[in-house]
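Okay, structure first, notes after.
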Amino acid sequence: MHKHSVDEAVAAFAGEQHGVVSVRQLRALGMGRGAVHGRVAAGRLHRLLPGVYAVGHTALTERSRLLAAALACGQGAVLSHRSAGRLWGLVKPVPAVDVTCRRSRPPGKGIVVYRSRLERNERTMFEKLPVTGVARTIVDLADVLTEPRLEDAVHEAEVRRVFDLAAIEATLARHPGRKGRFRLYRVLSAWRPQPFTRSEAERRFLRLCEHHGLPRPEVNAFIYGMEVDFVWPAARLVVEVDGAAVHHTRRAFERDRRRDRELAAHGLRVLRVTWHDLEQGGLLALELDAALRGRPLLASTGRAQVQDQPRLQARSRPAEGA
């Protein structure tokens, strides 16, 4: 291949991958070792990392530096962990670049290398960058993030409509020894559908009321022609327990909100409670007590507190009306 045609091919190739190329790619395009050294000396290639060059200039973008780090780690390397999480919009940027590959030694300062196998469906391309897929990224993040940060990342995945519980659990099953697996299990519990029956949810809710000394509500009562799960008529308060299997369809969502508006038009306040809320227990009881007393809740330092109301204590006496 003619010298100019080789340079043109390299320039075109680099233009497709953020202005950087690896020495392996240069050789595949017909540029030998001597030609590489000559172009480095002439300022046509600029060494960024071992075996990785910028073509023509060093005005690199964040994407250029990310790709350079992946290319420096060898064939098959992908951006992972926090770097992948940043690309997917799940976490904030960090100075270091996280890469998963077969090599164990980082090729340069600021690159964190993870040695791990990757299944074909755990890797993909994002804006011409090799990166772990969302499910594998979340599994990787569980190893390096605190539990609150991990929960934020999973929440962002849901907000961005890239959350797939089945894919995450399948990835965990393929990599059972991950150190962050228990942290991720706890975080995912809020997203797992809970297999409970209506009667089971009712029993747990009534036990919560009794344990915390709350008045016993009417169960499965009809109010203005509509059946509700629980109601305190004197307090004009209705509680509906939302089960994942029943309430998470679009039709059910719209129906539930329409009922809530109809009840509100009659002066009733509706609180919706999930299975996760029932498992938390104490905070839900505090909120119910405030609602029954007609007192608002205030957000303070990330936790719900009742205005001018001491923390509700669990009681051993029978619930009112039991």
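Details
- Just so you know, the averaged projected area of the alpha carbon convex hull for the stretch 1-60 sits at 3.6 nm².
- Viscosity 0.890 mPa s, 25 °C: Kirkwood-radius Stokes-Einstein D of the stretch 1-141 over Cα pairs, µm²/s: 158 µm²/s
- DSSP finds beta bridges in the chain, and of those with both partners inside it, around 70 percent are antiparallel.
- Rg over Rh for the stretch 54-123 works out to 0.96, using Cα positions for both radii and the Kirkwood form for Rh.
- Straight-distance candidates among the aspartates and glutamates for linking to K128, with alpha-carbon spacing under 18 Å and chain neighbours fewer than 8 residues away dropped: E16, E62, D98.
- For the chain, the convex hull drawn through the C-alpha positions has a volume of 183 cubic angstrom per residue.
- Order of D256, D229 - criterion: other Cβ atoms within 10 Å of each residue's Cβ, fewest first: D256, D229
- Ordered by the number of other Cβ atoms lying within 10 Å of each residue's own Cβ, fewest first, I111, I223, I138 fall into the sequence I223, I111, I138.
- Fewest-first ordering of R44, R39 by other beta carbons within 10 Å of each residue's beta carbon gives R44, R39.
The numbers here are math on the coordinates, done by the rules we state, and not lab data. Since the structure is predicted, the reported quantities are computational estimates derived from the model, not experimental observations. For neighbour counting, all protein chains shown are included, and Cβ atoms are generated from backbone atoms with ideal geometry for every residue, glycine included.
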